[in-house]
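Here is the structure we will look at.
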Amino acid sequence: MELATDRLWFDGLRESDAAALFAYRSDPDVSRYQGWRPESLAEAKGFIRNQAGLAAPSPGQWFQRAIRRIDDGSLIGDLGLCLSDDRQAEFGITLAPSAQGQGFAREALGGLFQALFGRLDVHRVHASVDPRNLPSMALLKAVGMRQEAHFHESLRFRGEWVDDVIFALLAREWREAHAKGAGFAASR
Ligand SMILES: CC(C)(COP(=O)(O)OP(=O)(O)OC[C@H]1O[C@@H](n2cnc3c(N)ncnc32)[C@H](O)[C@@H]1OP(=O)(O)O)[C@@H](O)C(=O)NCCC(=O)NCCS
């Protein structure tokens, strides 16, 4: 599954990405609310190897794509996608600190939604976020997702009970927003 937007393209992670992936994924500011935090470069390489054989998303399995800048080819983050059998999808997105605050996440999700609701014919997409993760909460609202649920202390995470907020978007809501010219970034 290859995707592109105006400034970004998405493809498989490569072994040569391991150092960059490890650097931003092990950064405490980036990994604070995330389930996976690599402890070593070897762990980052293992993560990439585990994804190596996957060319397309398949139900029940997390499918990780590299997010690269078109202008210089650099790896700036990654996007995880998990499809279910019933045309639903969950995603997670991570950007290196140097790439944050420039609209890249918003643009990446615009491209992802276009692929999911277009050629993959997904009915509903959702994301799960810790409400203390303000940039992520802001991002999900900015791309037109609805807050559907706020579960209180529903997850045990790194030794503490934490809240879980669910954001979702239906295919028809995405189409309606597009028809009204919501201006989400287009993929090409
Ligand atoms: C979540 C994450 C990808 C967002 O990246 P980002 O660089 O802020 O995203 P963008 O630049 O595309 O900004 C998206 C929107 O959020 C807003 N925003 C970003 N940070 C914000 C903050 N701290 N407070 C308020 N709004 C904020 C931006 O202004 C933008 O809104 P706009 O387009 O309407 O102006 C990034 O913070 C990250 O990688 N965090 C660590 C990993 C993580 O926790 N991922 C969440 C998993 S779902």
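At-a-glance table
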| quantity | calculated |
| --- | --- |
| Which of Arg25, Arg87 is most accessible, then next, and so on - probe 1.4 Å | Arg87, Arg25 |
| CD proxy at 222 nm, helix term only [per DSSP H run n ≥ 4: -39500 (n - 2.57); per residue of the chain; nearest 500] | -8500 deg cm²/dmol |
| Estimated dipole of region 3-179 in Debye, rounded to 20 [Cβ of Lys and Arg +1, of Asp and Glu -1, Cα centre] | 180 |
| Area accessible to solvent at Phe157, 1.4 Å probe radius, in Å² | 40 |
| Cα→Cβ-extended label distance, 7 Å offset, between Asp71 and Leu155, nm | 3.3 |
| Gln88-Val162 FRET efficiency (beta carbon distance; Förster radius 25 Å; 0.05 resolution) | 0.60 |
| Of His126, Leu8, Leu95, farthest towards positive along the dipole that unit charges on Lys, Arg, Asp, Glu beta carbons give region 3-179 | Leu8 |
| DSSP-loop GluC sites (Glu not before Pro) across region 1-90, with at most 15 other Cβ within 10 angstrom | Glu2, Glu39 |
| Surface per residue (accessible, 1.4 Å probe) for region 86-188, Å² | 52 |
| Bins of 10 Å from zero: percent of alpha-carbon pairs in region 115-188 | 18, 43, 27, 11, 1 |
| Region 39-188, accessible surface, carbon-and-sulfur percent (1.4 angstrom probe) | 52 |
| At least 15 Å along the helix axis (C-alpha) and Kyte average at least -1.0, DSSP helices within the chain | 41-51, 104-117 |
| Alpha carbon centroid spacing (whole Å) that separates region 92-106 from region 31-50 | 18 |
| At 1.567 mPa s and 4 °C, Stokes diffusion of the chain via Kirkwood alpha-carbon radius, µm² per second | 76 |
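The values are calculated or read from the model by the stated rules, or taken from the named source; none is laboratory data. This structure is a prediction, so every number in the text was calculated from the model and none was measured. Quick reminder, even Gly has a Cβ in these numbers, built from the backbone with ideal geometry, and neighbours come from all protein chains shown. Accessible surface is based on the protein model in full, side chains and every heavy atom, while ligands, DNA and RNA are left aside. Shrake-Rupley method; radii C 1.70, N 1.55, O 1.52, S 1.80 Å.
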